[in-house]
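Asks: Dropping the structure in here first, questions after.
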Amino acid sequence: MMKQRVRDERGAVSIVQVVLIAPALLLVLMFIVQYALVAHAQSVAEAAAEEGASVARRAHGNEAGAQAETVRYLNALGPKMLTERSISVSRTQVTATVTVTGNVISLVPGIHPKVRETSSGPVERYVPPVEDGS
C-alpha cells in the first residue's frame, strides 16, 4: 500500500512542474516569434524605403510619386505588418530621402516595438560632356 501512495505523489509533482514550466516556455516562444516579426518588419520597411527613394532619385522624380510607390510596396510586402505607419519623403536638388516608420504587430503583452528605416541617395541629373580643347 505504501508503494501506491509514493507513485501517486510522483504524478502530482510532475503535474505541478508542467503547470509552472509550460507558461514560461510559451512566453519564451512568443518572444522568439516577436523577434522574428520585428526583423521581418524592418526588412519590409527597408525595402519599401529603398523603392521609394529609387523613384524620388530619378531625374524627373518627385515626392508624391515616391510616397505612392512606398505605400504600394508596403501594401504588397506586408499590408498588416506595420500599424500606424508613416512615410516621410524629402527631395532636394542633390539628395532624395525616404523614411518609413511604424509599429510592429505585437504578440507579447506590454511590448510595442517600433521600426524606422531610412534610405537616401543622390538625385540623378544630366551632366553634359566636357569638350576637350585639344
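Every number in this text was worked out from the coordinates using simple rules, so none of it is lab data. A quick note: this is a predicted structure, and the numbers were derived from the prediction, not measured.
Asks: Need one number: the % of Cα-Cα pairs in region 13-60 sitting beyond the 13 Å mark.
Replies: Of the Cα pairs, 70 percent sit more than 13 Å apart.
Asks: At 37 °C and 0.692 mPa s, what whole-number value in µm²/s does Stokes-Einstein give for the translational diffusion of the chain, with Rh from the Kirkwood sum over Cα pairs?
Replies: This corresponds to a translational diffusion coefficient of 178 µm²/s.
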